Amino acid sequence: MAIVKLRSGESQDQLLRRFRKKVIKSGLLGTVRNKRWFVSRLELRRIEKKKAARRIQRRQYTRDYDRR
């Protein structure tokens, strides 16, 4: 949970900006988005495999591109 306290001489806009940064850094929004719907373990494994395959493919593409 992201908590920020108003500092002396700090405006509401600055406080809100600090809060947003803290929420983004904590990864809270990503967690909320992921838990929005139920996803079975099998489906999670499939998603992770797809992500890994894309990551590997991207790395190979950049290596091939660098060799040219």
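Summed over the range 33-68, the residues that are exposed (fewer than 10 other Cβ atoms within 10 Å of the Cβ) and either in contact with a strand residue (DSSP E or B) (Cβ under 9 Å, 6 or more places away or on another chain) or under 26 Å from ALA2 (Cβ atoms) (or both) give a count of 5. Scanning the range 11-68 for residues that are hydroxyl-bearing (Ser, Thr, Tyr) and in contact (Cβ under 8 Å) with a residue 24 or more places away in the chain gives a single hit, SER26.
FYI, it's all coordinate maths here, none of it is from the lab. Bear in mind the structure is a predicted one, so any value in this text is a computation, not a measurement. Note: ideal-geometry Cβ built from the backbone for every residue, glycine included; neighbour counts use all protein chains shown.
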